[in-house]
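The structure appears below as structure tokens.
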Amino acid sequence: MAITYDLTKGNETKAILKLAGPMIIGNLFQQLYNVADTIIVGRFIGPHALAAVGSSFSLMVLLNSIILGLCMGSSAVFSIIYGAKEIDKLKNSFFISFCIIGLLSLVINFLALFYIDDILVLLRIPQEILADTKTYLQIIFYGIIFTSLYNYFAGIMRSLGNSLIPLIFLIISAIINIILDIVFVVPFNMGIAGAAYATVIAQIISAIGLALYCIRKVPMIRLKSKHFRINMDIVKMIANNSVLSSIQQSVMNLGILMVQGLVNSFGVLVMAAFAVVVKIESFAYLPEQELGNAFSIFIAQNYGAKKMLRIRKGIKSATKIITIYGLVTSVLIILFAKPLLTIFVSAQETEILQIGTQYLFIVSGFYCLIGYLFMFYGLYRGIGKPETSIILTVISLGTRVVLAYSLSSITSIGLVGIWWAIPIGWALADIVGFYKMKIIKE
């Protein structure tokens, strides 16, 4: 089995899908971490615990997105250098990136634990679920550094064109997570803490397992003493791409977190419904998200190799894939909205089901729009312009937050206004993304 793959050759659609396939499957298993918590907590502990896990989800996505952004930004730099076939420079970039990401991850981990009470106040967590939410988050926060380690090595492998190896370790850890979830929550009766411990243990296994594999099996990652040096040009390149990608990811999820705070103000039942639809959506459009990430690596390798015609062909291929997938998924979600919701909550929770169905009927019809947005994120990150991704994110989430707060305050609109703000934000950002594509010149 080949360890690395050159994405500058062959059919563009096949190259993108070959890289995206394992990334999509990997994200599915990663989502199982949270879905296992949600199903088991919802079924065996109750609605209050479900609301606690749901309100924690947005915060964890925000923190993980900061780390993921750092790793994605570095990965784009790795891909550009790999596409240019500058191997010593590539190995030096591995060392520099590890130092930058490791340091920032430790800082994030410390701040999250130190300011947990202030964070809970900002999230406007209701008093009846405050203790459960704090317990869950305190345990989950200890897994942050391992999330960083996994994403760092996964980013290296993907930048070299191999997304299969990270997938294998995610599958193993996801299975362990589900098994431990059941054991800790049901027979051991550890409550919400058991679900959190299961997730952290799974994260540790995937991180250490992937790191050891890469060090032992991937020659490209084995560094010599000459690679352990600080090259300021590479530092600036990695810092710029990583920090801006991290800002883009965190701004995106900060906006989602602000919406979560607004949703929380509508009470526990709305919070529980929102927690469920977020899980459903995480599965529905994660293939588009991972396609965008794979597309970024495809673009970066070809940008490093200066193959602009191939980049333009890749854009056309990605657009077709997203359009077909988005339309099919929208139809399926609308047709099967209620059965999907009852996976997470019992049929007796009629109000939660009604709120969740309303959300899915409004938002799921526009999944093509967020697919295009993920494609633009990947495109601009891949050509070394992550600042453009930030602009698109600010437009999308800024619109979403402003409209959500404004419309929901109108009595005749209320909760529905929060749901409609989502696709409107996607649409405005897509318009700007298409316009800015003129930078890909003939």
24 Å Cα-Cα reach of LYS279 towards lysines, excluding residues that sit fewer than 8 places from it in its own chain: LYS134, LYS338
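Considering every Cα-Cα pair within the stretch 306-442, what fraction, in whole percent, is farther apart than 27 Å?
Above the 27 Å cut-off, the stretch 306-442 has 33 percent of its Cα pairs.
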Folded to 0 to 90 degrees: helix 268-284 orientation relative to the chain principal axis, Cα: 30 degrees
Positive minus negative residues near ALA84 (Lys, Arg vs Asp, Glu; Cβ under 15 Å): +3
Percentage, to the nearest whole number, of Cα pairs in the stretch 242-366 over 25 Å apart: 41 percent
Mean Cα-pair separation over length for the stretch 12-439, i.e. relative contact order, pairs under 8 Å, 6 or more apart, %: 25 percent
Sorted by Cβ neighbour density within 10 Å, fewest at the top, the residues ARG222, ARG158: ARG222, ARG158
Whichever aspartates and glutamates have a C-alpha closer than 12 Å to that of LYS226, once near sequence neighbours (fewer than 8 apart) are set aside: ASP88
For the stretch 55-100: span of alpha carbons on each principal axis (Å, largest first): 45, 20, 7
Efficiency of FRET from Cβ geometry, ALA131 and ILE324, R₀ 45 Å, rounded to 0.05: 0.45
Hull volume in cubic angstrom per residue (convex hull over the Cα atoms of the stretch 117-191): 115 Å³
Cleavage-rule hits (chymotrypsin sites (Phe, Trp or Tyr not before Pro)) in the stretch 101-139: DSSP loop, at most 13 neighbouring Cβ within 10 angstrom: TYR115
Dimensionless Rg ratio for the stretch 12-439, taking C-alpha atoms and the 2.2 N^0.38 Å reference: 0.95
Residue-by-residue Karplus 3J(HN,Hα) for the stretch 299-312, coefficients 6.51, -1.76, 1.60, Hz, glycine and proline x: 4, 5, 4, 6, 5, x, 7, 6, 9, 6, 4, 5, 4, 5
In degrees, nearest ten, helix 350-363 long axis to first principal axis of the chain (Cα): 40 degrees
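Going by a ≥ b ≥ c, the root eigenvalues of the Cα gyration tensor, does the stretch 1-129 fall in the rounded group (a/c under 1.5), the prolate group (a/b larger than b/c) or the oblate group?
Judged from the Cα gyration tensor, the stretch 1-129 comes out oblate (a/c at least 1.5, b/c at or above a/b).
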Distance from the stretch 398-415 to the stretch 96-112 (C-alpha centre basis), Å: 36 Å
Helix axis angle, 127-141 relative to the chain longest principal axis, alpha carbon, degrees: 20 degrees
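Defining a contact as two alpha carbons under 8 Å apart and six or more residues distant in sequence, what relative contact order in percent does the stretch 84-199 show?
Contact order relative to length: 27 percent.
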Ascending count of other beta-carbon atoms within 10 Å, so fewest first, for TRP420, TRP426: TRP420, TRP426
Residue order, fewest to most surrounding Cβ atoms within 10 angstrom, among MET157, MET60, MET437, MET220: MET437, MET220, MET60, MET157
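Here, each number is a calculation from the coordinates, and none is a lab measurement. It should be emphasised that the depicted structure is a prediction, and the values quoted were computed from it without experimental measurement. Every residue, glycine among them, receives a Cβ derived from its backbone with ideal geometry; neighbour counts consider all protein chains shown.
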